[in-house]
Amino acid sequence: MSRSEFHRQIRALTGQLAGRELNQALQDWLNAEHGPASETYRQLQQACRDGVAEGWMCDREAGGIRYGRVFKPDTELQGFSVDVVDMDDCAGPHHSHPNGEIDLVMPLEGDALFDDHPAGWVVYPAGSAHTPTISNGRALVLYLLPDGSIEFTR
């Protein structure tokens with residue numbers, strides 16, 4: 001899996017997200033159309049596993065969390081940035097989402113949950129905040145951030 005192939009996969013998905021409000025309805029739609037039983041989920045999960053194994057994804061580490069921004073926001077991705085984290089039974093830094101956040105939860109070991117959500121999509125609306133937490137195992141989480149906007153709490 002190359003970075004450009006991954007960009008094509010993400011571009012196909014973000015093209016379907018353009019102009020949609022980040023809310024529960026979007027979360028429900030993503031899980032119905034691109035949830036764990038879908039080809040989209042399978043392809044994104046494999047791409048993330050490959051990218052981590054090849055070293056171009058999650059190429060940084062802090063506090064036991066591997067992470068990295070894969071793509072800055074760009075027009076081809078409808079203004080979304082793309083980040084991927086690898087977490088194992090831990091909590092990340094508290095942050096807020098000025099424009100919202102769309103997360104794809106991909107368990108790797110155990111029955112990993114992300115903020116108590118199993119495999120699939122989680123959507124946080126604009127203005128929300130959380131301490132991202134993986135429990136019951138290890139997971140990769142792909143983050144789509146409108147305009148790349150995220151504010152870490154000090």
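Summary table
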{"item": "Residues satisfying the stated conditions in the range 44-72, i.e. buried (at least 17 other Cβ atoms within 10 Å of the Cβ) and outside any strand (DSSP E or B)", "result": "LEU44, GLN45, ALA47, CYS48, GLY51, VAL52, MET57, CYS58"}
{"item": "Single residue of the range 1-43 satisfying the filter (of a type in the set (D, E, K, R) and assigned to a helix (DSSP H, G or I)) that is nearest to LEU145 (Cα to Cα)", "result": "ARG11"}
{"item": "Residue check for GLY92: surrounded by 17 or more Cβ atoms within 10 Å (Cβ to Cβ) and either at pLDDT 95 or above or within 15 Å of the chain's Cα centre (by Cα) (or both)", "result": "yes"}
{"item": "Close pairs (9 angstrom Cβ cut-off, 6 or more residues apart or separate chains): touching a residue at least 40 places away in the same chain (Cβ under 8 Å) and farther than 15 Å from VAL141 by Cβ in the range 46-63, charged (D, E, K, R) and not in a loop (DSSP other than H, G, I, E, B) anywhere", "result": "TRP56/ARG3"}
{"item": "The listed residue being touching a residue at least 40 places away in the same chain (Cβ under 8 Å), over 16 Å from ALA139 (Cα atoms), out of contact with any strand residue (DSSP E or B) (no Cβ under 8 Å at 6 or more places or on another chain) and surrounded by fewer than 17 Cβ atoms within 10 Å (Cβ to Cβ), out of ALA32, ALA18", "result": "ALA18"}
{"item": "Selection from the range 53-87 of residues that are over 13 Å from LEU144 (Cα atoms) and within 15 Å of the chain's Cα centre (by Cα)", "result": "MET57, CYS58, ILE65, ARG66, TYR67, ASP86, MET87"}
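The values are calculated or read from the model by the stated rules, or taken from the named source; none is laboratory data. Quick caveat, the model's predicted, so the values are computed rather than measured. All Cβ positions, even for glycine, are placed from backbone atoms using ideal geometry, and neighbour counts span all protein chains on display.
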